[in-house]
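Each reported figure results from applying straightforward, stated rules to the coordinates on display, with no laboratory input. Just so we're clear, the structure is a prediction, and the values are computed from it rather than from any experiment. Backbone-built Cβ (ideal geometry, glycine too); neighbour counts: all protein chains shown.
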Amino acid sequence: MAIKQLTETIINQIAAGEVIERPASVVKELVENAIDAGATRIEVVTAGGGKNLIRITDNGSGIPSDELTLAVSRHCTSKLTDDVHDIRALGFRGEALPSIGSVSRLSVKSRTPQADSGFEISVHGGRMEGPRPTGMNAGTIAEVRDLFFATPARLKFMKTDRAEASAISDIVKRVAIAFPHIRFSLAGSDRTPLELAATGVGSAGMLDRISQVLGKEFPENAIAIDAERDGVRLTGFAGIPAFNRANSLHQFAYVNGRPVRDKQIWGAIRGAYADVISRDRHPVVVLFLNLDPALVDVNVHPAKADVRFRDPGLVRGLIVGAIRQALGQSGIRAATSGAEAMLQSFRLGGAQPLRPAPAAQASRWQDSAAVNQNYNVQQSAFRPFEQEQAPSYAGNGLAEAARSFLSESEVLATDTRASTAEVPQALLASPLGAARAQIHANYIVSQTEDSLIIVDQHAAHERLVYEALKNALHSRPLPAQMLLIPEIVDLPEEDVERLVAHAETLSRFGLGVEAFGPGAVAVRETPSMLGEIDTQQLIRDLADEIAEHDTSDGLKAILDHVAATMACHGSVRSGRRLKPDEMNALLRQMEDTPGSGTCNHGRPTYIELKLSDIERLFGRR
Ligand code: ADP
Ligand code: MG
């Protein structure tokens, strides 16, 4: 085939392939144009998830009638002079309007404050018409109908109206956070309306806008950040560690007002919270970076969501330092030093595989009935200490103190005799040994022939449930238990949409979920295996998990995440007191389950201290 120049429309459609991925990208481009035009009110109306209609009305500077044709032509922009490194507006590529016009029916109506009337220009599948006069107020109305009608292949990739509508809400909220002085409204037949009134400027205005978007709990749970280094200014708010979420969708970062999704920034946030938040949870953070436009390249991708910093190390250091300092000042940082040296002597459970227990011992101790028969609460070493009458020294005389001390040691002596008699030698020989006590309502202390083991019962149980869930998934659906009264969970529309889309998958795990109006789901069944759970929290966490992995990963990955989330909820939460036979059963199950040395999040489920290490700790060796 001979080489020939592509037509303007084809060129624009190729560009559209990158710039306009879905209706939400159209909304992003048009809202950015309105912001660049200095608007203080921006109204967004959509229908059919933005596939049928997107209309954006602003009260900005407008486009002079003689520039309308240029506005919808490729490579025409009012925002860039000679220097591509000096980008001060959100737009600069001059390709949004022509791209949109090449794949939809676009109409742009605009009127400058000085003009007597407005003018309209339209571009349908790349064919331009106008400009012609039209009546309107000052400002601009951009209307996009039948998105992707000219590129049916792309249309096939669109999700449901609801999913696209919620992606539009997400992008409007994300952009709105950086421009609190602008009033945003979002309405249409496909959604519940959203109104973001203009708030003040400065830090207070920012915080007001953020709470409009993230909820009014945010300010109570966030610390203001304000730091500067070598001309880079960082402001914003860092959520306290306890105010965390199951995914990173609640992290917002802006570079010179532009919302960005930048790996380095996410990495820095993760680093800043590394000691204070568990690896599977995510802080809520809003960060604004402001710097000389010459120090950052935003021309990395046509969608303008990626950035490259001239000095990435500086930016990372600034973010990590500022967040840590903020958290530290508020006294929330966990103290993690001190135990370090001691910990080095402990062996992590996940490090080496458990030896399989010899068959004879295993069968003897898997027979929990036998354990039950021998179990006597009164004699047991496992009798919960908390239920004992704690000796009280306060206000008593010395003699009394001595007496109560004596009686306490007597109790302990009795216990020791009882437990020594009860610990079977066979159990001591198994890899995780014999359970001797439960402390702080979560740690099982067990003893083997030559070591002391501490098991995190919550983490261990979580791992076991997770493995069982995954196994059951490949055979037949898990048994479910009907709830007498269905539990109604209120959620954002987009979360309802995602959960309902995965209802069938969830039912395989024994979780029965259905839509209950636009803003809630009804839960009719829960997996029997999980026992009594906090259904509300489980559903919210699942919605978060699915939101995070829905578009990026395949079904298999989603299933894994769903299983992990459920396992976490069904687990023996710390705080539950276990009976000795329950503890031993847990230890035996761990021995039988490959990979049980680490929990679903990669943390160890038990640690082991060898007798020889204990002797070293006491300086005996
Ligand atoms: P870019 O934003 O990269 O310049 P666009 O194709 O999005 O490219 O827009 C082309 C031009 O049209 C802009 O540079 C601007 O001058 C004008 N324009 C677009 N939308 C608006 C608007 N809402 N108000 C005023 N001018 C606008
Ligand atoms: Mg633009």
Where does each of 462, 32, 615, 532 land when they are ranked from fewest to most other beta-carbon atoms within 10 angstrom? 532, 615, 32, 462
When a footprinting reagent is the concern and you count Cβ atoms within 10 Å, what order do 542, 586 take, fewest first? 586, 542
Taking θ as phi - 60°, what are the ³J(HN,Hα) couplings along segment 588-593 by the Karplus curve (6.51, -1.76, 1.60), each to the nearest whole Hz, with x for Gly and Pro? 5, 4, 4, 4, 7, 9
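About the Cα centre, and with charges only on the beta carbon of Lys, Arg (+1) and Asp, Glu (-1), how big is the dipole of segment 215-330? Nearest 20 debye, please.
280
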More than 12 Å apart: what percent of Cα pairs in segment 489-547 qualify? 62
Search the structure for amide H atoms under 5 Å from the amide H of residue 223, placed 1.01 Å from N in the peptide plane, and list their residues when 5 or more places away or on another chain. 238, 239, 240
In this structure, the FRET efficiency calculated for residue 79 and residue 470 from their beta-carbon separation, with R0 = 56 Å, to the nearest 0.05, is 0.60
Residues 76, 568 arranged by fewest to most Cβ contacts within 10 Å: 76, 568
Taking amide H positions as placed 1.01 Å from N in the peptide plane, with prolines and chain starts having none, which residues 5 or more places from residue 606, or on another chain, fall under 5 Å of its amide H? 349, 350, 456
Quick one: grab the alpha carbon gyration tensor of segment 8-196, order the square roots of its eigenvalues as a ≥ b ≥ c, and give me rounded if a/c is under 1.5, else prolate or oblate depending on whether a/b is larger than b/c. rounded
In sequence order, what are the phi-derived ³J(HN,Hα) couplings for segment 174-188 according to the Karplus relation 6.51 cos²θ - 1.76 cosθ + 1.60 with θ = phi - 60°, rounded to whole Hz, with x for glycine and proline? 4, 5, 4, 4, 7, 10, x, 7, 9, 8, 10, 9, 9, 8, x
